[in-house]
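So the structure is just underneath, and the comments pick up after that.
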Amino acid sequence: MSNTPRRLGALVASSALALSGLTLLASPAEAVGTDPRPVAIGATWLEGQLTGGLMHNDQFDFDDVGLTLDAGFGLAAVGGHAATVATIAEAVGPLLDDGYAQGDEYEFVEPFDFVQRGYYAAQTAKALVFAQVTGQDTGTWAGFDLVTALEDRVSDAPSPGRIVSDSSYGDFTNTVGQAYAARGLAEAGSEDAAAATAYLLDQQCAAGFFRIELSDQTCDQDAGDPDPDATAYAVQQLSAIASPSEDVTAAVAAAVAWLLGQQRADGGFAGGSGAGAANGNSTGLIGSVLGALGETAAATKAAVWLRSHQADELSSCPSDLSEETGAVGYDAATLAAGRANGITVAQQDKWRRTTAPALAALAYAPSATPALKITGPSIAKGGSLVIYRISGVVPGDTVCVSGLGRLKPVAGGADGTGRVAFTMPNGTWTRTIVVRDRAGANVGIRTMVLGRKTLTVEAPYGVKRGALVPVRVSGLYPGESVRITLDGVKVRTGYANTRGVFASSFRAPRTLGKHVIRAYGKYADIRKGYDIIKVVP
């Protein structure tokens, strides 16, 4: 179809739900001060999910072509996996002309033939871009001409430049597909590229974000919901244009500024409507896009978030994810469920769809840290929750903390610190908490747990008023603080000796009769005792 250009153009975006990752910008793999491990193990895990070059969905027993392309995009983005990407291309090509790009719908045509119908615009565009990125012949690889097929899906009117599917199921094309169309047609030098790109640019709102749902009205007329994923893909694709127009350059700058404002304090990014919490899909996509555009501080924070959600269990802290090294969890709940139950068939798709877009962002994971250290209280109350702070962790990496018969994995934050909590047992014991990192370093701290204790308080029963009253408190922990009161008024404080005894004296009161001496240890509610004296004339 021919089209009417509106604005000169560029490329665009896609939703994290589609997980169509394509890094066409500078590779982050050689960034200085980064740790190659997270991206390497992530890519290895993703390669291991392929069966004959395809992502097979074991839950519903089908080959997922779209997810396979996502894996190919992710592996191509980080480099070093050309053989696997070629295998994917070889496996996917024959599947595109019946069931994916060209649809799986047929109709009977008189007098006696069934013909294929149902041409899916977004899938065709995505396949075209994959072919271009991986060096396939766009005219023969899919069994049909991908460029011509996509041009046939570009509208003339009433929505010039908009791509539309021909399907009895309806048209569900959104900014994701429009982005691939703009990219693919521009790369092919198609006459439809300008209109497709112009329609895409009309999906950007004044605040800088792109909406996910397509509309013939501009954002100023029909403002859609902000969508970080669509915005990130828009930036990624627009930035791939060799000679961008002023419109494209301005769109990228506004979108990047908006994206930077969406990053959470912990480095994560949330998705669009229905994905309000930070997640691995959005964080991977946005982090990689920002990093490739030179926003390395934001990319590093995103990489730390992703690494802290990556399966990379230490041998000293094994879990049911120990055999899934490299997989990236969608969020903290996904990671916790994986550690408890492994990656189940029902969760397999979720882990794959998160890991694919996370690869390029993980390449920004930092490496250098100071020496491993753990700090915490030297004395703690039995039954209390005690927080230990860990420093010197590789940002985002996991250390193993052991103590009180438990193993706890703890991820380091962007500043290389983490924290772990233990509930102290009742009773009086010395407990040791040890932290070990991947490099083999280990440090520990000892905490004396003081449990409930009835202290022994000894003083003479009969004393003359005004006389010195000797008092002896035993049952204390060596060095434990102690406070003595007489009838509720503090009269002495100090510390127990090496035998756990505190001895002192005070003047007997002038008031005749019985008086109560009480002694309190460090934790007055659980460590205390009393004695009674009688003041006589």
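The values are calculated or read from the model by the stated rules, or taken from the named source; none is laboratory data. No experiment lies behind these values; they were computed from the predicted model shown. Here Cβ is always computed from backbone atoms with ideal geometry, including for glycine, and neighbour counts include all displayed protein chains. Heads up: the accessible areas ignore ligands, DNA and RNA and are worked out on the full protein's heavy atoms, side chains in. Shrake-Rupley method; radii C 1.70, N 1.55, O 1.52, S 1.80 Å.
A few remarks follow.
- Selection of segment 143-154 for residues being open to solvent by less than 20 Å² (accessible area, probe 1.4 Å) and outside any helix (DSSP H, G or I) yields only Val154.
- Filtered residues of segment 299-318 (kept if under 25 Å from Val256 (Cα atoms) and of a type in the set (Ser, Thr, Tyr)): Thr300, Ser308
- Residues (in contact with a Leu (Cβ under 8 Å, 6 or more places away or on another chain) and assigned to a helix (DSSP H, G or I)) located in segment 336-353: Gly338, Arg339, Asp349, Arg352, Arg353
- Wholly enclosed strands (runs of 3 or more DSSP E) of segment 438-483 bearing at least 3 residues within 50 Å of the chain's Cα centre (by Cα) and aliphatic (A, V, I, L, M): 442-450
- The number of residues in segment 275-311 being in a helix (DSSP H, G or I) and within 29 Å of Glu323 (Cα to Cα) comes to 18.
- Enumeration of residues in segment 44-93 that are more than 14 Å from Gln348 (Cα to Cα), touching a residue at least 60 places away in the same chain (Cβ under 8 Å) and surrounded by fewer than 19 Cβ atoms within 10 Å (Cβ to Cβ): Thr44, Gly66
- When residues of segment 520-534 are limited to those that are within 12 Å of Leu486 (Cα to Cα) and of a type in the set (A, V, I, L, M, F, W, C), the one surrounded by the most Cβ atoms within 10 Å (Cβ to Cβ): Ile533
- Checking Val434, Val449 one by one, the residue that is in contact with a Gly (Cβ under 6 Å, 6 or more places away or on another chain) and open to solvent by 10 Å² or more (accessible area, probe 1.4 Å) is Val434 and no other.
- Top-ranked residue of segment 483-519 - restricted to ones that are open to solvent by less than 50 Å² (accessible area, probe 1.4 Å) and in contact (Cβ under 8 Å) with a residue 40 or more places away in the chain, ranked as nearest to Ala380 (Cα to Cα): Ala519
- Where Lys408 falls short, out of the listed (1) over 30 Å from Gln236 (Cα atoms); (2) in a loop (DSSP other than H, G, I, E, B); (3) out of contact with any Gly (no Cβ under 7 Å at 6 or more places or on another chain): (2)
- Conditions (1) modelled with pLDDT under 95; (2) farther than 26 Å from Gly287 by Cα; number of the one not met by Gly93: (1)
- Restricting segment 233-274 to residues that are open to solvent by 20 Å² or more (accessible area, probe 1.4 Å) and in contact with a Ser or Thr (Cβ under 8 Å, 6 or more places away or on another chain) leaves a set whose member that is farthest from Leu306 (Cα to Cα) is Val252.
- Test: residue in segment 396-403 that is open to solvent by 40 Å² or more (accessible area, probe 1.4 Å) and either part of a loop (DSSP other than H, G, I, E, B) or touching a strand residue (DSSP E or B) at 6+ places or on another chain (Cβ under 8 Å) (or both): no
- Matching residues, segment 438-458, being farther than 30 Å from Thr485 by Cβ and either of a type in the set (S, T, N, Q) or at pLDDT 95 or above (or both): Asn442, Val443, Gly444, Ile445, Arg446
- Picking from residues in segment 182-204 that are open to solvent by less than 10 Å² (accessible area, probe 1.4 Å) and among the hydroxyl-bearing types (Ser, Thr, Tyr), the one that is farthest from Ala125 (Cα to Cα) is Tyr199.
- A count restricted to segment 278-303 and to residues that are surrounded by fewer than 21 Cβ atoms within 10 Å (Cβ to Cβ) and farther than 23 Å from Cys205 by Cβ stands at 3.
- Cβ pairs under 8 Å, 6+ apart, first in segment 244-257 and closer than 14 Å to Thr197 by Cα and touching a residue at least 24 places away in the same chain (Cβ under 8 Å), second in a helix (DSSP H, G or I) and among the small types (Gly, Ala, Ser): Ala251/Ala234
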